[in-house]
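Values in this text are rule-based calculations from the coordinates and carry no lab data. What you are looking at is a predicted structure, and each value in this text was computed from that prediction instead of being measured. Every residue, glycine as well, gets a Cβ built from its backbone with ideal geometry; the counts of neighbours run over all protein chains shown.
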Amino acid sequence: MAALFGRHVNKIDRKGRVSVPKPFRDAMTDQQFTGVHVFPSFKYAAIEALTEAFFNRVVGSLDNLDLFSDDQDDLATIVENTHALPYDTEGRVILPKSLLEHANLTSEAAFVGRGGRFLIWEPGAYDRQRNRAFERARARGATLPLNSSGGDGGDV
């Protein structure tokens with residue numbers, strides 16, 4: 001699967017339909033399910049969106065936690081709150097009302113790529129969070145160790 005990256009803002013109609021950006025849909029063409037898996041973010045007033053393969057990794061990771069533990073019980077809420085949203089013929093999904101409310105979405109949604117997943121934000125809230133994250137990273141001099149299997153084989 002190609003990486004999901006960039007920021008795209010799309011309109012939400014009165015029925016809660018929003019078009020998933022074409023670059024995101026194109027990056028997810030290798031999955032059986034023609035849609036996306038979404039759930040309320042634990043960390044933000046935003047919606048987490050996962051490919052089918054990434055969602056299956058999350059489900060498999062829950063099996064690595066001790067059965068009946070608080071960690072497994074708490075994190076299993078991801079699965080119980082996930083919606084599998086199929087694309088319509090125009091590449092749109094219908095966001096459930098509970099997710100629209102969680103992310104404070106009304107007329108527009110910002111789709112923000114995060115590699116193997118993406119987040120759906122109210123655009124102003126995303127801008128504020130992006131600025132805070134950028135300043136935190138800059139203030140602490142954050143660095144990112146590169147994977148040796150980055151794919152391009154070249155040095156930076």
If you take the Cα Rg of region 90-141 and divide it by 2.2 N^0.38 Å, with N the number of residues, what do you get? 1.36
How large are Rg and Dmax for region 37-85 when calculated on the C-alpha trace, in angstrom? 10.9, 30
Amide H contacts under 5 Å for Arg117, restricted to residues at least 5 apart in sequence or on another chain and with H modeled in the peptide plane, are Leu4
Mind checking which aspartates and glutamates have their Cα closer than 19 Å to the Cα of Lys15? Skip sequence neighbours fewer than 8 apart in that chain. Asp88, Glu90, Glu101, Glu108, Glu122
Computed [θ] at 222 nm, helices only, for the chain once each DSSP H run of length n ≥ 4 contributes -39500 (n - 2.57): -9000 deg cm²/dmol
Positive-pole candidate from Ile120, Val9, His37, dipole of region 7-139, charges at beta carbon: Val9
In whole Å, largest first, what are the principal axis extents of the Cα atoms in region 7-139? 43, 42, 26
For a protection proxy built on the mean count of beta-carbon atoms within 10 angstrom, sort 43-51, 95-103 highest first, please. 43-51, 95-103
Return the distance in nm (one decimal) between the two label points of a simple spin-label model at Thr34 and Glu80, each offset 7 Å from Cα along Cα→Cβ. 3.3
